[in-house]
Amino acid sequence: MVKNRRNESRLNRLGGSPVRTCIGCRERFAQDELVRLNLRDGKVVIVAKPGASVGRSIYLCPREKCFDAMARTGKLAFSRSKHNRIVVRLEETKLYILKNRFLSFIKTRNANSVS
């Protein structure tokens, strides 16, 4: 069990997995329930395997409405702190491609978890 509040905010009390916030709905979930988007060489990529990528990441619920909420801003902010931040502006074409990959990833992940 986590003893202090600082660690409690980062770890899920049930099992000790990290807790992350969805940038679409701002709700908190265990990290393995969310879809991880990573910034790699200036491009936004979906990380399929946990621990497969290091660096700046943001997380989304596996729901289309959360992706749409994120996409409305037209930009993604990857930050380690409020002073160290990288903002990626997404054009409509890139958003369309990213959304298709996101939805495809969710379908694949759901199919694998059912079987």
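Among the residues of the range 65-78, is there at least one that is of a type in the set (Asp, Glu), modelled with pLDDT of 90 or more and surrounded by fewer than 14 Cβ atoms within 10 Å (Cβ to Cβ)? There is at least one residue in the range 65-78 that is of a type in the set (Asp, Glu), modelled with pLDDT of 90 or more and surrounded by fewer than 14 Cβ atoms within 10 Å (Cβ to Cβ).
The number of residues in the range 31-56 being within 12 Å of the chain's Cα centre (by Cα), not in a helix (DSSP H, G or I) and not basic (Lys, Arg) comes to 11.
Scanning the range 17-30 for residues that are within 10 Å of the chain's Cα centre (by Cα) and either under 18 Å from THR73 (Cα atoms) or loosely packed, with under 15 Cβ neighbours inside 10 Å (or both) yields THR21, CYS22, ILE23, GLY24. The residues of the range 65-108 that are free of Cβ contacts under 8 Å to residues at least 40 places away in the same chain, under 19 Å from ARG26 (Cα atoms) and aromatic (Phe, Trp, Tyr) amount to a single one, PHE78. Say whether the condition of being more than 16 Å from the chain's Cα centre (by Cα), assigned to a loop (DSSP other than H, G, I, E, B) and of a type outside the set (S, T, N, Q) is met by at least one residue in the range 77-85. Yes; the residues of the range 77-85 include at least one that is more than 16 Å from the chain's Cα centre (by Cα), assigned to a loop (DSSP other than H, G, I, E, B) and of a type outside the set (S, T, N, Q).
The values are calculated or read from the model by the stated rules, or taken from the named source; none is laboratory data. This structure is a prediction, so every number in the text was calculated from the model and none was measured. Cβ coordinates were reconstructed from backbone atoms using ideal geometry, including for glycine residues, and neighbour counts include every protein chain displayed.
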